[in-house]
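The values are calculated or read from the model by the stated rules, or taken from the named source; none is laboratory data. Keep in mind the model is a prediction, meaning the values are calculated, not measured. Heads up, the Cβs are rebuilt from the backbone with ideal geometry, glycines too, and the neighbour counts pull from every protein chain shown. Only protein heavy atoms, including side chains, enter the accessible area calculation; ligands, DNA and RNA are left aside. Shrake-Rupley method; radii C 1.70, N 1.55, O 1.52, S 1.80 Å.
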Protein chains: 2
Amino acid sequence: MDTLKERIYKDGIIIGDNILKVDSFINHQIDTKLVDDLGKYFATKFKGVNKVLTIETSGIAFAIGVANHFDFCPLVFAKKSGSATLDTSNVYQTSVASFTKKVVNNVYVDKRFISKGDKILIIDDFLAEGNALLGLIDICKQAEAEVVGCGIIIEKGFQAGRKKVESLGIRVESAAIVDHFENGKVILK
Amino acid sequence: MDTLKERIYKDGIIIGDNILKVDSFINHQIDTKLVDDLGKYFATKFKGVNKVLTIETSGIAFAIGVANHFDFCPLVFAKKSGSATLDTSNVYQTSVASFTKKVVNNVYVDKRFISKGDKILIIDDFLAEGNALLGLIDICKQAEAEVVGCGIIIEKGFQAGRKKVESLGIRVESAAIVDHFENGKVILK
């Protein structure tokens, strides 16, 4: 998706060897026009979606943009830890390791919000090792919901995430794919 | 805002004495049409906004809806704890006590994303004691940015939040205000 790729080249910052910092337009300050454009983009890539699923936190903005372009379908976001209003006796639960935060989170979705027969599009901002997607797919499997596919804003093409998800027979579409890093710069596919 | 009020009466659930659970349309599953309608609503209430500010997590979806209706202006969300990509040497920082989670979080906004001269609309899903708003207002003050006002999805009218914010000379608009709870039911103003 050209707009996104140009933006990554212009405003992406590389930290260390393999962390791409996109906090000026993706995950701290958010370019809401880009969110809307990405929503339109994913709506051309997938059909028959009746619900969007993501995981807190930084997937939520983009998942809203996508759901808006599937006729304002509901968005469900998986929660990373128990809150005062989450009844954990009635949830689908899985665990997800975070690549950047180096922690494992228990992740929940209330059983009322994903059902057998739902056609789910999973949206996330980053795909690296695929842990978040595999967790969300596991939740859909527990609910006997169909995963139509996964839409990713930025994929790290040199990590194993896509391979793991595709090996389950699930389609992955990424708006931008990082091929590699070179001399402190990001090179996209 | 009538659509929201009807929805709270229909789908809101009361837990304990004073927690209104709206997880089927606000903060776990999200009604994205309602998000868009609320965005339109707040765009009629405030003028001259060039940036929307919220705090993770459940404010983000509604803040996107609002920013969309201010000509897709940027959205900044304050982060609750340090992440691998947040450089805490260059942030505005404040602390926010959570009413429902009973914890105090350090909250950060990177200094690159709020500046002197910005006209900020603060959006949050709930207003109770006002701690989140006061924290976000404090961050804007540190940045010498102007707070145009605060837009709230659901205000608990019997708690002190509005009074504290208005005492700073800042306008608060809420789409729905809980007057009180009565026999396990919510009564809106």
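Within the bounds of region A:17-28, is there any residue that is surrounded by 15 or more Cβ atoms within 10 Å (Cβ to Cβ) and part of a helix (DSSP H, G or I)?
Looking for residues that are surrounded by 15 or more Cβ atoms within 10 Å (Cβ to Cβ) and part of a helix (DSSP H, G or I), one finds none in region A:17-28, hence no.
Search region B:57-72 for residues being more than 26 Å from A:I114 (Cα to Cα) and more than 7 Å from every other protein chain (Cβ to nearest Cβ), and hand back the single one that is surrounded by the most Cβ atoms within 10 Å (Cβ to Cβ).
Checked region B:57-72; the qualifying residue surrounded by the most Cβ atoms within 10 Å (Cβ to Cβ) is B:V66.
Can you name the residue in region A:29-54 that is in a helix (DSSP H, G or I) and open to solvent by 30 Å² or more (accessible area, probe 1.4 Å) and, of all such residues, is nearest to B:D71 (Cα to Cα)?
My answer is A:K33.
Yes/no matrix, rows are residues, columns are (1) facing chain A (nearest Cβ under 7 Å); (2) among the small types (G, A, S):
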{"site": "B:I15", "(1), (2)": "yes, no"}
{"site": "B:G39", "(1), (2)": "no, yes"}
{"site": "B:F42", "(1), (2)": "no, no"}
{"site": "B:I55", "(1), (2)": "no, no"}
{"site": "B:V91", "(1), (2)": "no, no"}
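Could you tell me which numbered condition B:L4 fails, if it satisfies all but one of (1) assigned to a loop (DSSP other than H, G, I, E, B); (2) within 16 Å of B:E173 (Cα to Cα)?
Here B:L4 clears every test but (1).
Residues that are crowded, with 20+ Cβ neighbours inside 10 Å, in contact with a strand residue (DSSP E or B) (Cβ under 8 Å, 6 or more places away or on another chain) and of a type in the set (D, E, K, R): find the strands (runs of 3 or more DSSP E) completely inside region B:89-189 holding 2 or more of those.
Fully inside region B:89-189 and qualifying: B:119-127, B:146-156.
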